[in-house]
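**Q** Right, I'll just put the structure down here and ask away after.
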């Protein structure tokens, strides 16, 4: 079930706060849930929520540190678990949003060859 926009916004804000920390993140932090809940989506509903939060985080123009964590974590996990279900949307987002295209450059291959080939065509520079 899709989350309300206010919940997506709160999740994105908590994710940014937690991911921006210079120290190692701990599971006891007040905002740890925001990171943990984006890891390894197990259901399509979880993946849909992750997709929304990823875009909400990007819309806030976070630091490079947060962008790198977002690419190597939630986006990479989403592609690994649900790449075939999301590849059309990923390609569309990359065409329409330079920030998303850049984010794809921080993702490593964890998908099928067919999905990965489409990711490589859609993304910007690899970083």
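**Q** Alpha carbon centre of the range 32-80 versus the range 85-108: separation in Å?
**A** So the two Cα centres are separated by 13 Å.
**Q** Sticking with this structure for a sec: Which order do 19, 29 fall in if you start with the one that has the fewest other Cβ atoms within 10 Å?
**A** 29, 19
**Q** Just want the ordering: 37, 30, from fewest to most Cβ atoms lying within 10 Å of their own Cβ.
**A** Placing the least packed residue first, the sequence is 30, 37.
**Q** Rounding to the nearest 10 and keeping the result within 0 to 90°, find how far the Cα-based axis of helix 5-19 lies from the longest principal axis of the chain.
**A** 80
**Q** Over all directions, what mean area does the Cα convex hull of the chain project, stated in square nanometres?
**A** Its Cα hull, projected and averaged over all orientations, spans 7.4 nm².
Any read-out appearing in this document is the output of simple, stated calculations on the displayed coordinates, not a laboratory observation. All of these numbers come straight from a predicted model, not from anything done at the bench. As a convention, Cβ positions derive from the backbone with ideal geometry for all residues, glycine included, and neighbour counts pool all protein chains shown.
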